[in-house]
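Read the structure below first, then the notes.
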Number of protein chains: 2
Amino acid sequence: MPKIDLDAIEATNRTTYPMPFAAEMGGRWFRRLGPPSGLTDFGASHVRLEPGAISSQRHWHDEIDEFLVMTSGEAVLVEEGAETVLRPGDCAAFPKGVANGHHLVNRAGEDCTFVVMGTPDRGHCHYPDVDLEWDSEAKTYRHKDGAPY
Amino acid sequence: MPKIDLDAIEATNRTTYPMPFAAEMGGRWFRRLGPPSGLTDFGASHVRLEPGAISSQRHWHDEIDEFLVMTSGEAVLVEEGAETVLRPGDCAAFPKGVANGHHLVNRAGEDCTFVVMGTPDRGHCHYPDVDLEWDSEAKTYRHKDGAPY
């Protein structure tokens, strides 16, 4: 059936970030929607942020377009030099190669949810606030000086 | 700014369908979100259906993944042999090559809105209920016997 039974997909708060960045991700619960529904051209995830949680470390991708739709609650979209509140129905786009690190922060007292779509993993992901970089070809995180974690 | 100012994008009810199928599309108002926001890896549209409107003729794509997020109101997802009500926060996926024609119908008394993402146009689009087929290479609609409209 095309409608996705979200409750049938286990939500996880795992992360592939190395420490200490992984420690900040415990309040982000996500479900990957592509594999159970058969989508392969792009990825889609349903994400729930507990109060105080962040969607990711602030980042931008050089080869991945990202797009999100807010579905419940309220989150603050933090980007380079700006903050914007997102509410249900709001959409945000993060075209590849635009060096504008972004993430969502839940500063409200209730959970919020959103759905995020993206190009399948490729290229590098850059993290302006922390000593971290993702190399999708090597499938590894590195320090900014190139040293592995 | 990553947040998309939906009000700044003119909604249109145009359609490329030939008649008589075009005549059924007047209550579907959409905004293409990719071009104004810089997304190119996949398309995204914000769609509003007036009461009685349909999202498209019932169809399936052989080379395009489609994915939608319901954002307000209520719509009925009509697929091959089944109907499912979609409400805000519901997600639905339509993987390419699955011969399950689908569309949304607004049978409620109020507008509904959703956001739909998809692979950039390619391959063929098949319409099980009507004498119509889309050929993305030739950029043309044809009758099922191959004759042009």
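Here the convex hull built on the C-alpha positions of chain A has a volume of 113 cubic angstrom per residue.
The other copies place their B:Gly123 label points at 2.5 nm from this one, listed shortest first, where each point is 7 Å from Cα along Cα→Cβ.
In this structure, the residue pairs whose Cα-Cα separation is over 27 Å, taken from A:Lys3/A:Lys139; B:Lys3/B:Lys139; A:Lys96/B:Lys3; A:Lys3/A:Lys96; A:Lys3/B:Lys96; A:Lys144/B:Lys3, are A:Lys3/A:Lys139; B:Lys3/B:Lys139; A:Lys3/A:Lys96; A:Lys144/B:Lys3. By other beta-carbon atoms within 10 Å, ranking A:Ser37, B:Ser45, B:Ser56 with the fewest at the front produces B:Ser45, B:Ser56, A:Ser37. If R0 equals 30 Å, the separation of the Cβ atoms of B:His124 and A:Glu63 corresponds to a calculated FRET efficiency of about 0.55. Remark: label point of A:Ala23 defined 7 Å out from Cα along the Cα-Cβ vector; separations to the same position in other copies 6.9 nm, ascending. Once divided by 2.2 N^0.38 Å, the Cα radius of gyration of the protein assembly as shown becomes 1.04.
Here the alpha carbons of the range B:89-133 define both size measures, Rg and Dmax, at 13.0, 36 Å. What you get for the protein assembly as shown, charging only the Cβ of Lys and Arg (+1) and of Asp and Glu (-1), is a dipole of about 80 debye around the Cα centre. Per-residue mean of foreign Cβ neighbours for B:1-11 is 4 (Cβ atoms of other chains, 10 Å radius).
If R0 is 35 Å, the Cβ-Cβ spacing of B:Glu110 and A:Glu50 corresponds to a FRET efficiency of close to 0.65.
Spin-label model, B:Thr40 to B:Arg87: label points 7 Å out along the Cα-to-beta-carbon direction sit 4.2 nm apart.
The value obtained for the range A:1-51, namely the Cα convex hull volume divided by the number of residues, is 88 Å³ per residue. Farthest toward the positive end of the dipole of the range A:6-142, out of A:Leu49, A:Val116, A:Pro35, is the Cα of A:Pro35, where the dipole comes from beta carbon charges about the Cα centre.
Ascending distances from the B:Asp5 label point to its copies in the other chains, with the point 7 Å along the Cα-to-beta-carbon line: 4.4 nm.
The spacing between the range B:64-110 and the range A:37-72, judged by their C-alpha centroids, is 21 Å.
Residue order for B:Val78, A:Val69, fewest other beta carbons within 10 angstrom first, comes to B:Val78, A:Val69.
Any read-out appearing in this document is the output of simple, stated calculations on the displayed coordinates, not a laboratory observation. Keep in mind the model is a prediction, meaning the values are calculated, not measured. Heads up, the Cβs are rebuilt from the backbone with ideal geometry, glycines too, and the neighbour counts pull from every protein chain shown.
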